[in-house]
Structure formats: C-alpha cells, structure tokens
Amino acid sequence: MLVRNCAGGVIFHNNKVFLLKNEKDEWVLPKGIIRKGDFSSEVAVRRVYEETGINAEIVTTAGCTNYEFFSVTRQRPVCNKITWYIMRSQNEDYKVNTEEQFTDGGYFEVEDAIRRITYSQDKSLVSLSFKKIKEIECITV
C-alpha cells in the first residue's frame with residue numbers, strides 16, 4: 001500500500017466554512033501531499049491558496065484523518081494520512097482552481113456545509129473545528 005502524508009485546511013470566515021467540489025461531485029476540503037523537506041503547515045497554507053485562491057492564516061491544529069482507496073492509475077491501494085489546520089480568512093474572496101479539476105466551491109454556513117460534505121470524517125472535522133475556533137475567538141476577544 002502506498003502511504004501519502006498530506007496536509008489541509010478547514011477555512012473559516014465568520015460563521016462560514018469553505019468547501020470545494022471535485023470532479024467526482026464530492027464536497028471536500030482543500031489539501032495536498034507533503035513532499036520531502038516540506039512542513040505540513042506550509043503545505044496546508046500553500047494548497048489552500050493554490051486550490052482556492054484564499055490567503056488564510058493558521059489559527060491552530062484541527063487533528064488528523066486517514067482514508068484508503070484503490071488508485072486505478074497506480075493499480076494499488078493508497079492511504080492518505082492528513083494533518084488538518086483550522087484557518088481564518090479575512091474576507092470571502094476565492095477563486096476555485098479548475099485546472100486542479102475542481103468544479104465549484106464557496107463559503108457555506110456550517111450546518112449547510114456539513115450536509116453537503118461527502119465524507120463522514122470531514123463532517124466531524126468541520127463540526128469540531130467550528131467549535132474549537134469559536135472557543136478560541138471567545139478567549140482572544
């Protein structure tokens with residue numbers, strides 16, 4: 001099995017979270033593979049920008065998820081291990097990167113986003129991240 005370490009962002013602006021729709025019609029969060037010598041936090045910020053056009057700042061870590069799938073192109077199973085970061089954007093500006101095979105995206109109220117998100121792990125991740133950023137904002141305000 002091919003194991004890939006990845007990093008991604010759960011991006012919030014006010015009470016909304018950003019989602020992308022991929023070529024399979026799945027609503028997902030932006031993420032990318034960590035290459036040798038990269039730090040996960042740098043990969044998360046870079047991939048968020050490359051996939052969404054959003055300049056987001058990391059607030060804190062969100063946790064980790066793993067998922068496995070069979071890669072048709074590689075003809076073998078793949079396990080993605082993803083380190084997630086809670087991020088904040090200063091505005092709702094974005095530009096979905098269609099060259100990365102994303103077809104749609106946007107900021108959604110958290111409850112609406114959770115209904116849209118394809119994978120249950122990502123639903124839980126967004127829910128917990130929203131609670132965490134609200135706690136941090138109450139402490140820092």
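The values are calculated or read from the model by the stated rules, or taken from the named source; none is laboratory data. Just so it is clear, the structure is predicted and the values come from calculations on it, not from any experiment. Cβ placement follows ideal geometry from the backbone for every residue including glycine, while neighbour counts extend to all protein chains displayed.
Data table
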| read-out | value |
| --- | --- |
| Any chance Val43 is touching a Cys at 6+ places or on another chain (Cβ under 8 Å), among the hydrophobic types (A, V, I, L, M, F, W, C) and more than 25 Å from Glu111 (Cα to Cα) | yes |
| Members of the stretch 1-44 that are under 19 Å from Lys132 (Cα atoms) and of a type in the set (A, V, I, L, M, F, W, C) | Ala7, Val10, Ile11, Phe12, Val17, Phe18, Leu19, Leu29, Ala44 |
| Filter result (touching a residue at least 60 places away in the same chain (Cβ under 8 Å), surrounded by 13 or more Cβ atoms within 10 Å (Cβ to Cβ) and not in a strand (DSSP E or B)) within the stretch 16-33 | Glu26, Leu29 |
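Yes or no, residue by residue, for (1) closer than 21 Å to Ser120 by Cβ; (2) within 12 Å of the chain's Cα centre (by Cα):
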site	(1), (2)
Arg4	yes, no
Gly9	yes, yes
Leu29	yes, yes
Lys36	no, no
Ser40	no, no
Asn55	no, no
Ile86	yes, yes
Lys95	no, no
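Each row is one residue, and each column tells you yes or no for (1) in contact with a Pro (Cβ under 8 Å, 6 or more places away or on another chain); (2) within 22 Å of Ser129 (Cα to Cα); (3) modelled with pLDDT of 95 or more.
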residue: Val48; (1), (2), (3): yes, yes, yes
residue: Gly53; (1), (2), (3): no, yes, yes
residue: Ala56; (1), (2), (3): no, yes, yes
residue: Val59; (1), (2), (3): no, yes, yes
residue: Phe69; (1), (2), (3): yes, no, no
residue: Arg74; (1), (2), (3): no, no, no
residue: Thr83; (1), (2), (3): no, yes, yes
residue: Lys95; (1), (2), (3): no, no, yes
